[in-house]
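Presented below is the structure to which this report refers.
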Amino acid sequence: MKSGLVAAILALTPCLGAAPVAAEQACNAPLADWQPRQALATKLEAEGWTVLSIRSDDGCYKVRATKAGGERLDAKFDPASLERVRRKQEDEDD
């Protein structure tokens, strides 16, 4: 009896990890609503940042930038509103 139960558990184990995990996407604005990258660069430069790169990542703009004092910015922004998208970990740390 025990060997049958163990065999059943082992047979089902691969199935338990096989289900895809749906990650919640932070940005979901339609492409038609996206503002140009240059608009985000202009906004950040007005706030004192030197933009190193802006690229698309998971439906968001991912930005790498620095300030004159050496402070670094690695953040995601909503491409429609150009507002910073907070990660769950950042929200929990506050």
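The values are calculated or read from the model by the stated rules, or taken from the named source; none is laboratory data. Computed from a predicted structure; not experimentally measured. Every residue, glycine as well, gets a Cβ built from its backbone with ideal geometry; the counts of neighbours run over all protein chains shown.
When you scan segment 49-88, how many residues do you find that are under 13 Å from residue 37 (Cβ atoms), aliphatic (A, V, I, L, M) and part of a strand (DSSP E or B)?
5
So which residues in segment 21-65 are over 18 Å from the mean Cα position of the chain (by Cα) and at pLDDT below 95?
Scanning segment 21-65 gives no hits.
Give me a count of the residues in segment 56-71 that are under 13 Å from residue 44 (Cα atoms) and not aliphatic (A, V, I, L, M).
Total satisfying the criteria: 5.
Quick check on my filter: what residues within segment 25-38 are loosely packed, with under 14 Cβ neighbours inside 10 Å and not in a loop (DSSP other than H, G, I, E, B)?
Once the filter is applied, which keeps residues that are loosely packed, with under 14 Cβ neighbours inside 10 Å and not in a loop (DSSP other than H, G, I, E, B), segment 25-38 yields 31, 32, 33, 38.
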